[in-house]
């Protein structure tokens, strides 16, 4: 189910609560990808804190298979290989028309984005209307909003997979002027915590959109 659809100049986003979910969402996503070179930069760093390499490998294979079934060509981009190497990462990302970001701990992902400078790369592309597609889902859609302050109810901000001295990064990309709350009123293990997050944002008069797991925002 497509909840919102906006028209913008060049930059395109597919923002879902939970994966692609159903045939309607898959169709909309593949339509967005129809004029690209089909290469997908797959960013997996949100799970860098885990030592379960077998599980990570299995998940990666499953996701690559799902993208290949849509006639897309995924390649893993490990942001750890680009820490402090903004120019190299920027050049590498030029090979791809699609960037897909995996869910897990949002605060870990934000650390990797900061250390690799991909946050500034994405903001620059957005501001300059560079024609790329960004597919985000679950809590990682929140990266595009103004703050992560309320997401600490759902994700642990204390995880430090890179080095202990890193401070929690609460500011986000401001590509969206509102927060997004995924898994709202859904059959998901984080839905109860999301309900608490929504209540807090209402109390603080924050601008937000709550997404159920079958809903998506398309900015095309």
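Read-outs: derived from the displayed coordinates by stated rules, not from any lab. What you see is a predicted model, and the numbers here were worked out from it, not measured in a lab. Because the Cβ atoms are built from the backbone with ideal geometry, glycine has one as well, and the counts that use them run over all protein chains shown.
Specify whether the C-alpha gyration tensor of segment 1-127 places it in the rounded, prolate or oblate class, a ≥ b ≥ c being the square roots of the eigenvalues: rounded for a/c under 1.5, otherwise prolate if a/b is larger than b/c and oblate if not.
Cα axes put segment 1-127 in the oblate bin.
With both bridge residues required to lie in segment 2-219, what share of the DSSP beta bridges run antiparallel, to the nearest 5%?
Among the beta bridges of segment 2-219, antiparallel pairing accounts for roughly 15 percent.
Pull out a ≥ b ≥ c, the square roots of the eigenvalues of the alpha-carbon gyration tensor of the chain, then state rounded if a/c is under 1.5, prolate if not and a/b is larger than b/c, and oblate in the remaining case.
rounded
Could you list the residues of segment 112-133 with an amide nitrogen less than 16 Å from a label point located 7 Å from the Cα of residue 37 in the Cα-to-C-beta direction?
130-133
Per the helix-only calculation at 222 nm, which mean residue ellipticity applies to the chain, given -39500 (n - 2.57) for every DSSP H run of n ≥ 4 and division by its residues, nearest 500 deg cm²/dmol?
Taken over the chain, the calculation gives -9500 deg cm²/dmol.
State, as an integer percentage, the relative contact order of segment 2-219 based on alpha-carbon contacts under 8 Å between residues 6 or more apart.
Once normalised by length, the contact order is 32 percent.
Could you work out how much longer the chain between residue 204 and residue 55 gets when fully extended? Use 0.36 nm per residue separation minus the Cα distance between them, nm to one decimal.
Full extension from residue 204 to residue 55 adds 49.8 nm.
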